[in-house]
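Here's the structure, in structure tokens; my notes come after.
Derivation of every value follows stated rules applied to the coordinates shown; laboratory data play no part. What you are looking at is a predicted structure, and each value in this text was computed from that prediction instead of being measured. When we count neighbours, we look across all protein chains shown, and the Cβ atoms used for this are built from the backbone with ideal geometry, even at glycine.
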Amino acid sequence: MEKIVSLCKRRGFVYPSSEIYGGFAGFWNYGHYGIILKENIKHLWKQRFVFDREDMFAIDTSIISNPRVLEASGHVSNFGNEIFKTQVGTGDEVVISHLRPETAQGIFVDFKNVVDTHHPKLPFGVGQIGKAFRNEISPRDFIFRSREFEQMEVEYFTKEEEWEKHFENWREIMNSFSKEIGIKKVHELEVSQDNRAHYSKRTIDFQFDYPFGRGELWGLAYRTDFDLKNHNLDYFDEERNIRFVPHVVEPSLGVDRTVLAVLVSAYTEDELGGEPRTYLKLAKNIAPVRAAVFPLLKNKPELVSKAREVYVNLKKEVSNIEFDDNGNIGKRYRRQDEIGTPYCITIDFDTLKDDTITVRDRDSGEQERISISELVSKIKV
Ligand code: GAP
């Protein structure tokens, strides 16, 4: 774990928050490559859980809400100490509210707006990505348990008699998502009644083997009609001409824990050319840099200008291309390996003669000479 934390800092994935003042327990900052990795994961989640589907809608609700929201949801009575109290307004107008401990409540509270706007037939769902805050008593294990974190949540509304079918369906989607982003192995744990949240009648924890032991990665819960009922919300079924409270299946994924599981899965130490090396074997679809373009020597203007030309043209076709001419080539490979860049492209003197370049594969370290015109198809997934 220490090695991963140190790589994250060295290469600009994650820094401790307020570090020059000694840090602040439970808070972390994301650097350039951490942001891109996180954005790539969130982008894929949005596609798979929301935008690729006909039955899903997106929403982005406020972090602070009317205090009645978290009172009705049972959070104030069940987790009063764990939620961040905040003062809204000044003077006589002060209202005490809380920073949200889950994005879910924003979805429930806007249920009527979504129904009035889109007139969806059941089953349908609403997805949201956003920050959540919990005053955890013991934040620990890097970004695993923090006080400010991000969630990707779906609330899926269904008739009561169909909840199990949808529970199974989301379970499969979560498993295939874990594979798509390169998480090594996920273990499903049926959570006993004593350990379930107050709103859940069934929960499966998706667990992951972190370096500090097995722990929760994501959760899938059957929230029944608990939340909509508490917010006095219901649904009118036009076909059957009846009004009732839909039941809810909730796949809930923590962004930061996903980033951690992805990093742990990708972290690899091996030997290349007789030298020990460390690299991130990240899935190509989420690697922060898809390919880095180098001039073989940085003090040869003709190589640098050709490398800039290749870089600019490639960047138009593929996102996240980086130009790198720092240090010698060995140093650049080490840096790109630690960022998890799948391909390094070198422009040398032969390039000037015949428009060919070398492409180095991150995992094998092998180099292949191809023509510049073949580059885009080579590095696009
Ligand atoms: N809406 C349901 C819900 O919030 P949860 O199991 O309490 O359920 C869902 O949280 C996910 O949010 C967890 O599986 C985890 O990925 C993430 N999460 C929860 N608390 C966290 C914390 N303190 N730090 C980082 N991630 C956290």
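Of all trypsin sites (Lys or Arg not before Pro) in the stretch 173-229, which ones are in loop regions per DSSP and have a Cβ with at most 12 other Cβ atoms within 10 Å?
On the way: sites: Lys179, Lys184, Lys185, Arg196, Lys201, Arg202, Arg214, Arg223, Lys229; in loops: Lys184, Lys185, Arg196, Lys201.
Taking the stretch 173-229 and a limit of 12 other Cβ atoms within 10 Å, the loop trypsin sites (Lys or Arg not before Pro) found are Lys185.
Which pairs, out of Lys112/Lys179; Lys38/Lys201; Lys42/Lys229; Lys46/Lys131, put more than 23 Å between their alpha-carbon atoms? Can you show the working numbers first?
Working: Lys112/Lys179 35 Å; Lys38/Lys201 31 Å; Lys42/Lys229 30 Å; Lys46/Lys131 15 Å.
From Lys112/Lys179; Lys38/Lys201; Lys42/Lys229; Lys46/Lys131, over 23 Å: Lys112/Lys179; Lys38/Lys201; Lys42/Lys229.
Can you list the aspartates and glutamates whose alpha carbon is less than 13 Å from that of Lys298, not counting same-chain residues fewer than 8 positions off?
Asp324, Asp325, Asp348
Could you tell me what percent of the DSSP beta bridges with both partners in the chain are antiparallel, to the nearest 5? Mind showing how you got there, number by number?
Working: 63 of 74 bridges.
Taking every DSSP beta bridge with both residues in the chain, the antiparallel ones total about 85 percent.
Under the definition of Cα pairs under 8 Å and six or more residues apart, what whole-number percent is the relative contact order of the chain?
Numbers: 700 pairs, mean separation 49.0, N = 381.
Once divided by the residue count of the chain, the mean separation gives 13 percent.
Would you list Asp194, Asp205, Asp325 from fewest to most Cβ contacts within 10 Å?
Asp194, Asp325, Asp205
Among the lysines, which fall within straight-line cross-link reach of Lys353, defined as a Cα-Cα distance under 16 Å, with same-chain neighbours fewer than 8 residues apart omitted?
Within reach: Lys300, Lys306.
With an 8 Å cut-off on Cα pairs and a minimum separation of 6 or more residues, tell me the relative contact order of the stretch 226-306 in percent.
Values: 52 pairs, mean separation 10.8, N = 81.
With pairs under 8 Å counted, the relative contact order is 13 percent.
Among 147-155, 267-275, what's the highest-first ranking by average C-beta atoms within 10 angstrom per residue?
On the way: 147-155: 22.1, 267-275: 11.0.
Answer by packing, highest mean first, reads 147-155, 267-275.
Got a sec? How would Lys306, Lys353 order by Cβ neighbour count within 10 Å, fewest to most? Please report the intermediate quantities before stating the final value.
Working: Lys306 21, Lys353 8.
Starting with the residue having the fewest Cβ neighbours, the order is Lys353, Lys306.
If I take R0 = 25 Å and measure r between the Cβ atoms of Glu271 and Lys9 in this structure, what FRET efficiency does the formula 1/(1 + (r/R0)^6) give, to the nearest 0.05? Write down the numbers at each step before the final one.
Values: r = 25 Å, r/R0 = 0.98.
According to the calculation, E is roughly 0.55.
Please report the relative contact order for the stretch 107-259, taking Cα pairs under 8 Å with a sequence separation of at least 6, and give it as a percent rounded to a whole number.
Numbers: 256 pairs, mean separation 39.6, N = 153.
Answer for the stretch 107-259 is 26 percent.
In deg cm²/dmol and to the nearest 500, what is the mean residue ellipticity at 222 nm of the chain if only DSSP H runs of at least 4 residues count, each as -39500 (n - 2.57), divided by the residue total?
Working: 13 runs with 122 residues, N = 381.
Per the formula, -9000 deg cm²/dmol.
Just flag the GluC sites (Glu not before Pro) in the stretch 352-381 sitting in loop per DSSP whose Cβ has no more than 11 other Cβ atoms within 10 Å. Please list the in-between numbers first.
Values: sites: Glu366, Glu368, Glu374; in loops: Glu366.
The qualifying sites are Glu366.
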